[in-house]
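In what follows, a single structure is set out as structure tokens and then discussed.
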Amino acid sequence: MEIQLWRNILCPYELAVKELILKFEHLIIEHKENDLYSPIEQVTGRVKSVSSILEKIHRKNIPMEKLEQEVEDIAGIRIICQFEEDIDAVASMIQKRSDMEIKSEKNYLKHIKQSGYRSYHLIIYYTVETVHGPKKLQVEIQIRTLAMNFWATIEHSLQYKYKGDMPPHVTERLAKAADAIVSLDREMSSVRSEIMDAQISSQIQSNLVADILNNIENLYKVSNQREVMKIQDEFLRVFQTKDIRQLERFHRQLDIIAEGYRAQSVSSKL
Ligand code: 0O2
């Protein structure tokens, strides 16, 4: 197969990976802007390398003409969550979307691999627009916690190092580490609601501050500068109290002041 042909094959998958990363990252932003906890912590993606594709089709005896049909992970997205409970939330978010159609799932959380590997895999159909028209592709989405990802990354490197011939003492250590990861995920889940509350509060504060500063900036353009300086000093004082209720009160008062200026400017235009 010529190099040019590989480029033609892989190009739409590159587009799919870019689009999907953007879409999942945007979901994180939307959650944060709406003061909601995001079940997605990070998103990464990759297009499988040609050598990895060749190795897979050789290992699974896949004919070249069936490559795109049978190699389901040419495009791969990895979604990292903080807690095990978030994995289900992400899977059902994907299920409800109209731009992604689930083909199959592999639940390595319920059915842990012999290596100790845990992750939730979905194969989806996703359509990209190319110069030749729409193209429906398969994409593998791996959903796992930060802890599961830590383990899988290390184990993947060791698999690469030992090329399928891992010494028993390394396998044993990895199995022990996998057990420790199960305990860690369980432990973190038990404090999930506390951690979520803390993260949501910090997000609310950050959104409030951004809103207040935006309002102050707008006021600066239309009102008396000395007055705006006083408002800014008051904001800094309230901010230093670290009391979210005071910050919310200040935000409401500022909204009323800004509304007053808006009404004034409308009536002066009439
Ligand atoms: P890469 O570099 O991530 O692309 P197979 O590919 O034959 O192993 P299958 O049926 O195609 O298996 O899909 P499966 O089992 O869902 O695995 C696909 C991907 O899951 C793998 O891709 C890995 O990324 C990950 N994975 C599966 N099992 C393990 C494991 O035991 N340890 C680690 N670290 N990762 C695993 P690739 O192609 O192997 O690698």
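So for the chain: antiparallel DSSP bridges make up what percent, rounded to the nearest 5?
75
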>> Given contacts defined as C-alpha pairs under 8 Å and at least six residues apart, what's the relative contact order of the chain, whole-number percent?
In response: 16
>> With unit charges on the beta carbons (Lys and Arg positive, Asp and Glu negative) and the dipole taken about the Cα centre of the chain, which residue among 74, 148, 98 sits farthest to the positive side?
In response: 74
> Share of the chain's accessible area from carbon and sulfur, percent, 1.4 Å?
Replying inline: 52
> Magnitude of the Cβ-charge dipole of region 43-99, K/R +1 and D/E -1, about the Cα centre, nearest 20 debye?
Replying inline: 260
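Name the shape class, rounded, prolate or oblate, that the alpha-carbon gyration tensor gives for region 112-226, where a ≥ b ≥ c are the square roots of its eigenvalues, rounded holds for a/c under 1.5, and otherwise prolate holds if a/b is larger than b/c and oblate otherwise.
oblate
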> Taking Rh as the Kirkwood radius, which is the inverse of the mean 1/r over Cα pairs, what is the Rg/Rh value for region 83-131?
Replying inline: 1.08
> residue 25 to residue 263: extension gain in nm, 0.36 nm per residue of separation minus the Cα-Cα distance?
Replying inline: 81.9 nm
> How many Å² of accessible area per residue for the chain, probe 1.4 Å?
Replying inline: 64
> With each run of n ≥ 4 DSSP H residues scored as -39500 (n - 2.57), what mean residue ellipticity at 222 nm is computed for the chain after dividing by its residue count and rounding to the nearest 500 deg cm²/dmol?
Replying inline: -21500 deg cm²/dmol
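Highest mean first, what order results for 177-187, 160-170 on Cβ atoms within 10 Å?
Most protected by this proxy first, the peptides run 177-187, 160-170.
Average projected area of the Cα convex hull of region 189-231, in nm²?
Value for region 189-231: 3.2 nm².
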> When ranked by the protection proxy of mean other Cβ atoms within 10 Å per residue, highest first, what sequence do the peptides 248-257, 31-40 form?
Replying inline: 31-40, 248-257
>> I'd like the Karplus ³J(HN,Hα) series for region 112-124: coefficients 6.51, -1.76, 1.60, θ = phi - 60°, whole numbers in Hz, and an x wherever there's a Gly or Pro.
In response: 5, 5, 4, 5, x, 5, 10, 4, 10, 10, 10, 9, 10
> Just for the Cα atoms in the chain, what are the lengths along the principal axes, largest first, rounded to whole Å?
Replying inline: 77, 50, 30
> For residue 211 and residue 111, FRET efficiency with R0 = 41 Å and r from the beta-carbon atoms, rounded to 0.05?
Replying inline: 0.30
> So how much slack lies between residue 158 and residue 230, counting 0.36 nm per residue of separation and subtracting their Cα-Cα distance, in nm?
Replying inline: 19.9 nm
> Does region 145-210 come out rounded, prolate or oblate, given a ≥ b ≥ c as the square roots of the eigenvalues of its C-alpha gyration tensor, rounded meaning a/c under 1.5 and, failing that, prolate meaning a/b above b/c?
Replying inline: oblate
>> Using amide H atoms built in the peptide plane, which far-off residues or other-chain residues are under 5 Å from residue 101 H to H?
In response: 125
> Using modelled backbone amide H atoms (1.01 Å from N, in-plane), which distant-in-sequence or interchain residues come within less than 5 Å of residue 137's amide H?
Replying inline: 126, 127, 128
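The values are calculated or read from the model by the stated rules, or taken from the named source; none is laboratory data. Quick caveat: nothing in here was measured; it's all calculated off a predicted structure. Please note: Cβ atoms are built from the backbone with ideal geometry, for glycine as well, and neighbour counts cover all protein chains shown. Surface areas here come from the heavy atoms of the whole protein model, side chains and all, with no ligands, DNA or RNA. Shrake-Rupley method; radii C 1.70, N 1.55, O 1.52, S 1.80 Å.
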